[in-house]
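Here is the structure we will look at, set down as structure tokens.
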């Protein structure tokens with residue numbers, strides 16, 4: 001269980017920016033991350049080994065969701081099959097806000113362009129290894145998305161190597177997770193909440209389901225993390241940072257040593273913090289390959305593809321379009337920020 005923290009710790013990744021980091025520096029980072037994930041489950045990461053600036057990252061959201069971004073018609077051409085029956089993509093692409101849901105967001109998702117696997121859609125509803133879809137009107141958007149995905153995947157691999165030693169394993173312990181990885185880069189837009197709706201939460205309390213999440217958040221605010229006293233601690237944007245947290249599966253890999261912490265997003269509309277377009281958020285979910293055997297430090301095993309397909313049954317963006325009764329709104333679980 002998390003401790004009674006009152007703010008999120010800050011962890012510098014300057015060690016990972018060097019091609020010749022000392023063993024002592026890597027060990028110090030390993031101990032620091034072990035402490036963070038054993039107490040809060042969340043942290044700010046600074047001194048990021050990325051070429052993309054904060055403005056570069058959120059330029060992607062502006063290009064897709066902004067006033068000069070895609071039209072609704074263009075976005076729906078990229079929508080998952082759950083929303084447009086004639087579209088072929090089932091896992092990657094666009095999802096619109098769902099009427100009646102408490103998780104008020106629309107999103108666009110991509111995976112690795114090189115993931116390989118054959119999936120028959122007559123046996124499963126979602127093809128987790130399908131190709132990405134992109135708007136045809138903006139070729140640079142695709143290039144920038146794929147570059148950011150690749151850089152965050154590389155950073156995740158470095159973090160996993162450090163985390164392996166935190167668990168007393170060899171740095172190579174997580175290497176097989178990287179084979180045909182399903183990692184998802186998700187661009188999210190939370191539209192402004194109409195004043196008459198009087199809705200406090202735009203993303204309900206949840207833990208992430210997987211291994212590792214890296215989050216770029218904008219300056220709007222709203223992210224909150226729950227401590228062991230049940231208090232919701234604000235996690236506003238820290239300049240030059242990303243937020244990191246682990247999911248339920250990584251907590252199981254550590255046999256409970258590390259914590260998947262509950263978090264939520266509050267609407268900032270009535271607190272003066274909202275921008276005209278609402279809130280942007282870009283999480284990167286590190287995911288192993290479809291057939292990867294995820295093993296805990298004590299040898300417990302599960303196949304990642306089976307794990308995530310089971311979890312997806314409760315994620316609102318993968319439900320068929322239905323009218324949600326008002327009394328049921330908000331009961332659908334969702335993995336998002």
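Fully extending the segment from residue 143 to residue 67 would add 25.2 nm, taking 0.36 nm per residue of separation and subtracting the current Cα-Cα distance. Ordering 79-85, 235-241 by mean Cβ neighbour count within 10 Å, with the highest value first, yields 79-85, 235-241. By the count of other C-beta atoms within 10 Å, a proxy for reagent exposure, 11, 57 are ordered fewest to most as 11, 57.
Using a ≥ b ≥ c from the Cα gyration tensor of the stretch 1-118 (square roots of the eigenvalues), is it rounded, prolate or oblate, where a/c under 1.5 gives rounded and otherwise the larger of a/b and b/c decides, a/b for prolate? Prolate shape, in that a/c is at least 1.5 and a/b is the bigger ratio.
Rule-based calculations on the coordinates, nothing more; no lab input. This structure is a prediction, so every number in the text was calculated from the model and none was measured. Using ideal geometry, Cβ is built from the backbone for each residue, glycine included, and neighbour counts are taken over all protein chains shown.
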